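The values are calculated or read from the model by the stated rules, or taken from the named source; none is laboratory data. Predicted, not measured: the structure shown is a model, and the values here were computed from it. Note: ideal-geometry Cβ built from the backbone for every residue, glycine included; neighbour counts use all protein chains shown. These area figures cover heavy atoms from the full protein model, side chains too; ligands, DNA and RNA do not enter into them. Shrake-Rupley method; radii C 1.70, N 1.55, O 1.52, S 1.80 Å.
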Amino acid sequence: MPEGDTVWLTARRLDGALSGQVVIRSDVRVPQLATVDLRGRAVTQVVPRGKHLLTRFDDGTTLHSHLRMDGSYDITPARHRSHRYPDHLIRILLANDSWQTTGYRIHDLRLLPTREESQLIGHLGPDLLGPDWDEAEAARRLGSDPDVPIG
């Protein structure tokens, strides 16, 4: 099962391969997004939020994915076919001139306006590894109800 560190590293690798590049190949293999074509959009960043991956595009949309128990991404040189798993397990493929990313067994895929990300992941609160982390706010929240256990 992918844990937080795996999701963080996956986001970092996807960001390195996709950010600042225009998608030239897009193949989304889930029914609710079967007609979505992401070609021509530039990826601005890929960030983790908890166990969620957010791929943000220059047109103000975000592709949300979640690895759940067995999802993973492969990153290979462009036009190089990944043979890690059988093709029927592919759920998302994004490629630019240099890299191809292939998502296997990605259970949750959603395309939404970037401004609406908080509706999907806002319940997670501040990301301990994110730029919005505020130590003083964390201390305030921890001290506001000292009888609540931390788990």
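For the chain, set up a GNM with springs between Cα atoms under 10 Å and report which of D70, D134, D58 has the largest fluctuation.
Evaluated over the chain, the most mobile residue of the options is D134.
With unit charges on the beta carbon (Lys/Arg positive, Asp/Glu negative), name the residue among G4, A34, L14 whose Cα is farthest towards the positive pole of the charge dipole of segment 1-42.
Farthest towards the positive end: A34.
Sequence gap at least 6, Cα distance under 8 Å: using those rules, report the relative contact order of the chain to the nearest whole percent.
Values: 273 pairs, mean separation 34.9, N = 151.
After rounding, I find 23 percent.
What chymotrypsin sites (Phe, Trp or Tyr not before Pro) does segment 88-142 have in DSSP loop regions with at most 13 other beta carbons within 10 Å?
Working: sites: W99, Y104, W133; in loops: W133.
The qualifying sites are W133.
So, with +1 on the Cβ of K and R and -1 on the Cβ of D and E, and no other charges, what is the size of the charge dipole of the chain about its Cα centre, to the nearest 20 debye?
Values: 19 positive and 21 negative charges, 151 e Å.
That gives a dipole near 720 debye.
Please compute the length gained on full extension between D134 and D59, using 0.36 nm multiplied by the number of residues separating them and subtracting their Cα-Cα distance.
Values: separation 75, 0.36 × 75 = 27.00 nm, distance 2.90 nm.
Full extension from D134 to D59 adds 24.1 nm.
Counting only Cα, what are the radius of gyration and maximum Cα-Cα distance Dmax of segment 16-95, in Å?
Radius of gyration, then largest Cα-Cα span, for segment 16-95: 12.5, 33 Å.
Give me the percent of the accessible area of segment 74-131 that comes from carbon and sulfur atoms, probe 1.4 Å, all protein chains in place.
Details: 1780 of 3410 Å².
It is 52 percent, rounded to a whole number.
Nearest 10 degrees, 0 to 90: what angle lies between the long axis of helix 4-18 and the longest principal axis of the chain (Cα atoms)?
Helix 4-18 sits roughly 40 degrees off the main axis of the chain.
With +1 assigned to the C-beta of every Lys and Arg and -1 to the C-beta of every Asp and Glu, and no other charges, what is the dipole magnitude of segment 9-79 about the Cα centre in debye, to the nearest 20?
On the way: 11 positive and 7 negative charges, 27 e Å.
Result for segment 9-79 is approximately 140 debye, rounded to the nearest 20.
Between segment 92-151 and segment 1-29, how many Å separate their Cα centres?
14 Å
For a bin width of 5 Å, list the pair-distance distribution of the chain built from all Cα-Cα distances, rounded to whole %.
Using 5 Å bins, I get a P(r) of 2, 9, 18, 21, 20, 12, 7, 4, 4, 2, 1, 0 for the chain.
So which residue, out of R81, R29, R49, gets the largest mean-square fluctuation from a GNM of the chain using Cα contacts under 10 Å as springs?
R81
For the chain, take the longest principal axis of its alpha carbons; what is the angle in degrees between that and the long axis of helix 135-144, to the nearest 10 within 0 to 90?
50 degrees
Nearest 500 deg cm²/dmol is fine: what mean residue ellipticity at 222 nm does the chain get from its DSSP H runs of n ≥ 4 alone, each adding -39,500 (n - 2.57), divided by its residue count?
On the way: 3 runs with 30 residues, N = 151.
The helix contribution divided over the chain gives -6000 deg cm²/dmol.
Given the options T44, A136, H88, identify the residue whose Cα lies farthest towards the positive end of the charge dipole of the chain (+1 on Cβ of Lys, Arg; -1 on Cβ of Asp, Glu).
Towards the positive end, the residue furthest out is H88.
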